[in-house]
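Note sheet for the following structure.
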Amino acid sequence: MSPLERPLEPPRARRVAVIGGARIPFARSDGPYATASNQEMLTAALDGLTERFGLREPGAVGEFVAGAVLKHSRDFNLARETVLGSRLDPRTPAYDIQQACGTGLQAVVAAANKITLGQTESAVAGGADTASDAPLGVNDRLRRILLQARRAGSAGARLRALAQVRPSHLVPDIPRNAEPRTGLSMGEHAAVTARAWGITRQAQDELAAASHQRLAAAYERGFFQDLVVPFRGLARDQNLRPGSTPEKLAALKPVFGLGDPEPTMTAGNSTPLTDGAALVLLASEEWAGARGLEPLAYLTAYETAAVDFVHGDVAGGEDGLLMAPAHAVPRMLERTGLDLSDFDLIEVHEAFASQVLATLAAWEKAGLAPVDRARLNVAGSSLATGHPFAATGARIVATLAKLLSEREGPGRGLISLCAAGGQGVTAILERP
């Protein structure tokens, strides 16, 4: 039998271990990282991870996968340029990935797929985002005029094209936190969903205060000592307010859904614009064993979903912009034969407190067990840390993996991330 006639053996699926993570402290936009680029922040996180796990030697990491949501044209090859500017072996292959706020977790999934199929032994995955150094686009009318001038066949035609430029054309296009299909900001979409699910202001403020208090407690006990790399004078997340209470948050004025009779969403129960970077080290068990590294947990399942937030049941709450995890998680649990009661820890990305509460309500409506709040975001989450879009997924994976490793005996954790464009990325981590 010739090699072409011999059937290929299907690859044996391997377990994917989460070895550890590294991130820089997250900072409010236009603050300490105002002049830091995506590449600079991502490099700082990668260097921290490289030093912590001794990854400098050639071939130590099979692949680097990362992305950013707000990218300059110079960031077209962000992951690879980050490798070349870091302490990691410059021969490490790298590529970019982007799925809005799900980017970091989707990068982890992409890397994990190659490990489980035996295509690589180890990978680093995550992302970075800066709301401070956001790209400014040329006014579209000016862009068209400049292209017309470039195509002109003579100096006279070029001058006639450039003569069309008006002062209004010099105003740059600034990125907007709005959905192109609806024109509404993410906050305004979340306000519609909060109204549909009857989410109260008090419930939102209580969840936000708990996020700050739990993050502060995690820092105080040294939980982040091997996860956070100091950067530009910061050693803790700048958005953290240890003294947050529901009573203090209740004094803030609403900022979204102002057309509602009783708007509930404020700057205190919504995530601020944030700069930061986060990464996760993934590997096969063989790779980890050869280096004497104990896996924190294993990535065992993942699921994505999307909703029709343009034409779907938005007013009814089912297809709100940030409600895709309400569909992804039940599908993933049905496939794995699990219920929410089977999880020791649950991590739900806190884009807005109202969105977290709406997601929990939707899971119950779908027939899943109620979430024990004592198991939800036990080390704080995005309302306290902030939310650099592409970095959040990796932050959550590393945090949850370490939380599971601290438990006595086996443990299981759920990750749920909503994302712009009506999408959601979810995953399961387990420690046997």
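Protein-only accessible surface at a 1.4 angstrom probe places the residues Lys253, Lys402 in the order Lys253, Lys402, largest first. Per-peptide packing, taken as the mean over residues of other Cβ atoms within 10 Å, places 348-360, 309-321 in the sequence 348-360, 309-321 from highest down.
Using only side-chain charges placed at the Cβ, +1 for Lys and Arg and -1 for Asp and Glu, the dipole size of the chain relative to its Cα centre rounds to 1480 debye. Legend: Rg and Dmax of region 248-297, from Cα coordinates, 21.9, 62 Å. Please enumerate, by chain and number, the lysines with C-alpha under 24 Å from the C-alpha of Lys114, excluding those fewer than 8 residues away in the same chain. Within reach: Lys402. Spin-label model, Leu258/Glu334: points 7 Å from Cα along the beta carbon direction are separated by 4.2 nm.
Spin-label pair Leu117-Val165: with each label point 7 Å from Cα along the Cα-Cβ axis, the two points sit 4.9 nm from one another. Subtracting the Cα-Cα distance of Ser405 and Thr182 from 0.36 nm times their residue separation leaves 76.0 nm of extension gain.
For the chain, what is the accessible area per residue in Å² when the probe is 1.4 Å? If you can, show how the numbers build up before the last one.
Numbers: 18350 Å² over 432 residues.
Normalised by residue count, the accessible surface of the chain is 42 Å².
One quarter of the surface of the convex hull around the alpha-carbon atoms of the chain equals 26.9 nm², the direction-averaged projected area. When Trp363, Trp287 are compared by accessible area of protein heavy atoms, the largest-first order is Trp287, Trp363, using a 1.4 Å probe. With a 1.4 Å probe and every protein chain kept in, tell me what percent of the accessible surface of the chain is carbon plus sulfur. Summing carbon and sulfur atoms, their accessible area is 53 percent of the total for the chain.
Subtracting the Cα-Cα distance from 0.36 nm times the residue separation, let me have the gained length for Arg151 to Asp342 in nm, one decimal.
Working: separation 191, 0.36 × 191 = 68.76 nm, distance 6.34 nm.
Here the segment from Arg151 to Asp342 would lengthen by 62.4 nm.
The modelled label-to-label distance between Ala235 and Arg158, using points 7 Å beyond Cα along the C-beta direction, is 5.8 nm. Each peptide in 297-304, 100-107, 425-432 gets a packing score, the mean of other Cβ atoms within 10 Å over its residues, and the list from highest to lowest is 100-107, 425-432, 297-304. Once C-alpha pairs closer than 8 Å and six or more residues apart are averaged by separation and normalised to the residue number of the chain, the relative contact order reads 26 percent. Rounded if a/c is under 1.5, else prolate if a/b beats b/c, else oblate: with a ≥ b ≥ c from the C-alpha gyration tensor eigenvalues square-rooted, which is region 161-268? Oblate, since a/c reaches 1.5 and b/c is not below a/b.
Quick check on the chain: helices-only [θ] at 222 nm, where DSSP H runs of length 4 and up contribute -39,500 (n - 2.57) each and the sum goes over total residues. Nearest 500, please.
Numbers: 13 runs with 143 residues, N = 432.
Per the formula, -10000 deg cm²/dmol.
The protection proxy used here, the mean number of other Cβ atoms lying within 10 Å of each residue, ranks peptides 375-383, 214-222, 37-45, 195-203 as follows, highest first: 37-45, 375-383, 195-203, 214-222.
The values are calculated or read from the model by the stated rules, or taken from the named source; none is laboratory data. In this text, all values refer to a predicted model and were calculated from it rather than measured experimentally. Neighbour counts run over all protein chains shown; Cβ positions are idealised from the backbone, glycine included. Calculation scope for accessible area: heavy atoms of the full protein, side chains included, ligands and nucleic acids excluded. Shrake-Rupley method; radii C 1.70, N 1.55, O 1.52, S 1.80 Å.
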